[in-house]
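The values are calculated or read from the model by the stated rules, or taken from the named source; none is laboratory data. Since the structure is predicted, the reported quantities are computational estimates derived from the model, not experimental observations. Neighbour counts run over all protein chains shown; Cβ positions are idealised from the backbone, glycine included. Remember, those area values only see protein heavy atoms, side chains included, never the ligands or the DNA or RNA. Shrake-Rupley method; radii C 1.70, N 1.55, O 1.52, S 1.80 Å.
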Amino acid sequence: MRSPLDRRAFLAGAALVTVLPFAPAHATPEAMAAAIKEVVGGAVIREGRVKLDLPPLVENGNVVPLTVSVESPMTPGDHVKAIHVFNEKNPQPHVFSARLGPRNGKAVISTRIKLGDSQKIIAIAQTSSGEFFSASADVIVTLAACIEDVT
């Protein structure tokens, strides 16, 4: 026989799962910093070696081209292990992570992302030696995407 507490816990959990998708999610610069810390831990992030290429002014935030390239010989002993991209105002601060290896030949990732507002984008590259390098860019968006309307 189950106790009433189990039933209450189940109902509370079900209510939370039902309401959570409608709670507004919005990244902040603080949330972005926390997401970066989750990826790099306490490691020092240095500027350089990373080039972040995206347009400074975007008419439509639904389709924003983004290319991240990292200077690296991409040899088994010295290569880029991962590229991480973060933003400060979309619903989720961690946009994506791409895993790389020496067989990639070049440390270059190109994609398209959605931007909900004008904001800062940060790309961080992790090397095989455990170092982190970054670049950032500010983007002005005139027609936003990624907006969650909860009305």
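Output the residues belonging to the range 29-64 that are outside any strand (DSSP E or B) and closer than 18 Å to V141 by Cβ.
P29, M32, L54, P55, P56, G61, N62, V63, listed by residue number.
For the range 30-84: of the residues being among the polar types (S, T, N, Q) and over 17 Å from the mean Cα position of the chain (by Cα), which is surrounded by the fewest Cβ atoms within 10 Å (Cβ to Cβ)? So that I can check it myself, show each step before the final result.
Within the range 30-84, the first condition is being among the polar types (S, T, N, Q), and the residues that meet it are 60, 62, 67, 69, 72, 75.
When the remaining residues are screened for being over 17 Å from the mean Cα position of the chain (by Cα), the result is 60, 72, 75.
Values: N60: 13, S72: 22, T75: 9.
If we take residues in the range 30-84 being among the polar types (S, T, N, Q) and over 17 Å from the mean Cα position of the chain (by Cα), then T75 is surrounded by the fewest Cβ atoms within 10 Å (Cβ to Cβ).
Under 6 Å by Cβ, and 6 or more places apart or on different chains, what pairs join a residue from the range 58-79 that is farther than 22 Å from G130 by Cα and in contact (Cβ under 8 Å) with a residue 40 or more places away in the chain with one that is small (G, A, S) and open to solvent by 70 Å² or more (accessible area, probe 1.4 Å)?
T67/S110
Please list, ordered by first then second residue, the pairs with beta carbon atoms under 8 Å, 6 or more apart or interchain, first in the range 104-132 and in contact (Cβ under 8 Å) with a residue 12 or more places away in the chain and under 29 Å from L143 (Cα atoms), second among the β-branched types (V, I, T) and outside any strand (DSSP E or B).
Here the result reads R112/V63; K114/V63; G116/I147; I122/I36; I124/I36; I124/V39; I124/V40, each pair linking the range 104-132 to a residue that is among the β-branched types (V, I, T) and outside any strand (DSSP E or B).
So that you can scan it fast, the table gives a plain yes or no per residue for (1) part of a loop (DSSP other than H, G, I, E, B); (2) at pLDDT 95 or above; (3) surrounded by fewer than 19 Cβ atoms within 10 Å (Cβ to Cβ):
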site	(1), (2), (3)
F86	no, yes, no
S110	no, yes, yes
L115	yes, no, no
I121	no, yes, no
S136	no, yes, yes
V139	no, yes, no
I147	yes, no, yes
T151	yes, no, yes
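Take F96 and tell me if it is under 21 Å from G41 (Cβ atoms), touching a Gly at 6+ places or on another chain (Cβ under 7 Å) and either open to solvent by 70 Å² or more (accessible area, probe 1.4 Å) or of a type in the set (F, W, Y) (or both).
Spelling it out, it is not the case that F96 is under 21 Å from G41 (Cβ atoms), touching a Gly at 6+ places or on another chain (Cβ under 7 Å) and either open to solvent by 70 Å² or more (accessible area, probe 1.4 Å) or of a type in the set (F, W, Y) (or both).
Please pick out the residue among K120, K114, K81 that is of a type in the set (K, R) and farther than 23 Å from V44 by Cα.
Result: K114 is the single residue among K120, K114, K81 that is of a type in the set (K, R) and farther than 23 Å from V44 by Cα.
Would it be correct to say that G101 is within 28 Å of P73 (Cα to Cα) and either at pLDDT below 95 or open to solvent by less than 20 Å² (accessible area, probe 1.4 Å) (or both)?
Here the answer is yes, as G101 does meet what is asked.
Just checking, does the range 133-141 include any residue being in contact with a helix residue (DSSP H, G or I) (Cβ under 6 Å, 6 or more places away or on another chain) and more than 23 Å from V58 (Cβ to Cβ)?
Taking every residue of the range 133-141 in turn, none turns out to be in contact with a helix residue (DSSP H, G or I) (Cβ under 6 Å, 6 or more places away or on another chain) and more than 23 Å from V58 (Cβ to Cβ).
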